[in-house]
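Let me begin by presenting the structure, written as structure tokens, before commenting on it.
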Amino acid sequence: MGSINIDSKDAAAPNAFTENVINSMGPKTSPRLRTVMTALIRHVHDFAREVDLTVEEWMAGVELMNWAGQMSTDRRNEGQLVCDVIGLESYVTLLETKKKIETLS
């Protein structure tokens with residue numbers, strides 16, 4: 001994805017901004033990655049609007065991700081731990097199990 005320029009029109013039309021970010025994915029993006037990233041971008045932007053996220057709060061999240069990356073080693077994956085703390089790892093496993101059960105039914 002390329003860099004996104006922000007101007008005063010973006011503040012007045014946040015949904016158009018979100019679409020511009022989605023449309024910045026290059027033509028070589030695989031269809032599945034495009035689907036996943038489109039949903040992620042929409043949800044993250046909706047989250048930021050819902051909680052009225054500040055730059056300071058966003059930076060705290062960036063610092064958490066940076067910390068997790070710096071603390072990770074080949075034996076310890078702190079990024080995975082963060083996903084576990086927010087329940088994402090378990091939820092993805094739950095979804096996979098549900099699919100397998102439905103396939104066998």
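The values are calculated or read from the model by the stated rules, or taken from the named source; none is laboratory data. As the structure is a computational prediction, the values presented were derived from the model and not from experiment. Here Cβ is always computed from backbone atoms with ideal geometry, including for glycine, and neighbour counts include all displayed protein chains.
Of the candidates ASP84, ASP74, the single residue that is in a loop (DSSP other than H, G, I, E, B) and outside the structural domain of ASN15 (by TED's automatic domain parsing) is ASP74.
From LEU40, LEU64, which residue is exposed (fewer than 12 other Cβ atoms within 10 Å of the Cβ) and either of a type outside the set (D, E, K, R) or touching a residue at least 24 places away in the same chain (Cβ under 8 Å) (or both)?
On the way: LEU64 fails: exposed (fewer than 12 other Cβ atoms within 10 Å of the Cβ).
Unique residue meeting the criteria: LEU40.
The set of residues from the stretch 73-98 being of a type in the set (D, E, K, R) and either out of contact with any helix residue (DSSP H, G or I) (no Cβ under 8 Å at 6 or more places or on another chain) or modelled with pLDDT under 90 (or both) comprises ASP74, ARG75, ARG76, GLU96, LYS98. Among the residues making up the stretch 44-59, those that are surrounded by 10 or more Cβ atoms within 10 Å (Cβ to Cβ) and in a helix (DSSP H, G or I) are VAL44, HIS45, ASP46, PHE47, ALA48, ARG49, GLU57, TRP58, MET59.
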